[in-house]
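Peer 1: Right, I'll just put the structure down here and ask away after.
The values are calculated or read from the model by the stated rules, or taken from the named source; none is laboratory data. From a predicted model like this one, the values you see are computed outputs, not experimental measurements. So basically every Cβ, Gly included, is an ideal-geometry build from the backbone, and we count neighbours across all protein chains shown.
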Amino acid sequence: MKTRMMTALLSLFLAVGLVSASVTTTQMAQQIADGLCQFKILVIGILPTLALILFLFAGLAYAAGQAFGAETKAKAQGWAMSLLVGGIIGIILAVLAPILVNIFISMTVGMTVSSAC
């Protein structure tokens, strides 16, 4: 009798623990999804602006280098090319951010949590 009572009590605690763990996991998955959505909004809002600034600085560096000697001109062209590549990478990341976030949310959360973004 005592063994049955202990087994029933242990089963009850196990069931309560499993339900509590699934609720906690779902809440954590929702928080991860919300964080990824906020990151996507941040990336979409900031990266295109930074890319435009990099493009402008690339043009300024290239134009400023034309007024100097050959060595300074070569350095300015290198800086301008680096700024240009950085701007292009920023635009690519801004375009890919929504796609990547949706992939990460579907991998992390699955079908249990509705996507907020």
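Peer 1: For the stretch 42-58, which positions are within 23 Å of CYS117 (Cα to Cα) and loosely packed, with under 13 Cβ neighbours inside 10 Å?
Peer 2: LEU42, GLY45, ILE46, THR49 - these are the residues of the stretch 42-58 that are within 23 Å of CYS117 (Cα to Cα) and loosely packed, with under 13 Cβ neighbours inside 10 Å.
Peer 1: Further question: Farther than 30 Å from CYS117 by Cα, part of a helix (DSSP H, G or I) and of a type in the set (A, V, I, L, M): does that describe ALA76?
Peer 2: yes
Peer 1: Answer yes or no as to whether ILE99 is in contact (Cβ under 8 Å) with a residue 24 or more places away in the chain and assigned to a helix (DSSP H, G or I).
Peer 2: Details: in contact (Cβ under 8 Å) with a residue 24 or more places away in the chain: no; assigned to a helix (DSSP H, G or I): yes.
The answer is no for ILE99.
Peer 1: Additional query: Restricting attention to the stretch 59-117, and to residues there that are crowded, with 17+ Cβ neighbours inside 10 Å and under 30 Å from THR26 (Cβ atoms), which single residue is modelled with the highest pLDDT?
Peer 2: Of everything passing the filter in the stretch 59-117, ALA97 is modelled with the highest pLDDT.
Peer 1: Additional query: Condition check: in a helix (DSSP H, G or I), within 23 Å of VAL101 (Cα to Cα) and modelled with pLDDT under 90. Does ALA29 satisfy that? It would help to see each step written out before you state the result.
Peer 2: Working: in a helix (DSSP H, G or I): yes; within 23 Å of VAL101 (Cα to Cα): yes; modelled with pLDDT under 90: yes.
Against the criterion (in a helix (DSSP H, G or I), within 23 Å of VAL101 (Cα to Cα) and modelled with pLDDT under 90), ALA29 qualifies.
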